[in-house]
Structure formats: C-alpha cells, structure tokens
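The values are calculated or read from the model by the stated rules, or taken from the named source; none is laboratory data. Every value quoted in this text rests on a predicted model; they were computed, and no experiment measured them. FYI the Cβ positions are ideal-geometry reconstructions off the backbone, even for glycines, and counts take in every protein chain you see. Accessible surface areas use protein heavy atoms only, side chains included; no ligands, DNA or RNA. Shrake-Rupley method; radii C 1.70, N 1.55, O 1.52, S 1.80 Å.
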Amino acid sequence: MIADAIYVICTLTSLLCTILLARGYRRTKVKLLLWSSICFACFTINNILLFIDLDNYFFANVQNLGGLRTLPAAIGVMVLCYALIMEAVR
C-alpha cells in the first residue's frame with residue numbers, strides 16, 4: 001500500500017515538472033526548457049509503466065515490462081543529453 005502511494009506520488013511529481021517546464025517554455029521560448037519538458041514527459045511514462053509492472057492489482061496478466069519501462073527513461077535521458085550538447089555547441 002505504501003509502495004503504491006510512492007509510485008503515484010513520483011508519477012504526479014514528474015507530471016508536474018513536465019507541465020511547469022512546458023509552461024516556462026511557452027512563456028520564455030528557451031529551448032532547453034522544451035527539451036527538459038520532453039525529458040520529464042518520458043520520465044512520467046516510465047513511472048506509469050513502473051506502476052503497472054510492479055503493482056499487479058489493476059493488470060494481473062502483465063508479466064514483465066522491465067525492458068519496455070526503461071525505454072522511455074533512456075529516451076528522455078538521450079533527449080536531454082542531445083539538448084545539452086547542442087546548447088554547449090552554440
């Protein structure tokens with residue numbers, strides 16, 4: 001029960017970061033905020049898949065999403081690394 005609450009809180013936190021970063025980008029048009037919001041959107045998807053994978057309460061027939069759930073996190077980190085490199089080159 002406590003683990004489920006922590007998964008939900010982590011998902012909501014990353015979703016809130018995504019929203020706040022996207023709002024900051026809309027206001028200032030700083031590209032790094034856009035890339036960071038995309039990264040946190042990927043982290044949100046990762047947290048949702050983690051909750052589905054580890055909590056077999058809602059989806060009892062899901063076996064193992066280990067490889068699938070790490071893919072959004074890896075994509076998010078790659079997007080942010082790309083953005084940081086591009087900003088450093090400018």
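Here are some notes:
- Of Thr13, Gly24, Ala41, farthest towards positive along the dipole that unit charges on Lys, Arg, Asp, Glu beta carbons give the chain: Gly24
- Relative to the dominant Cα principal axis of the chain, helix 66-89 is inclined by about 10°.
- Kirkwood-based Rg to Rh ratio, the chain, C-alpha trace: 1.08
- Over the chain, accessible surface divided per residue gives 70 Å², non-protein components excluded, 1.4 Å probe.
- Percent carbon-and-sulfur accessible area, the chain, ignoring ligands, DNA and RNA, probe 1.4 Å: 72
- Axis angle, to the nearest 10 degrees, between helix 31-54 and the longest C-alpha principal axis of the chain: 10 degrees.
- C-alpha center-to-center spacing [segment 60-90, segment 1-55] in angstrom: 12
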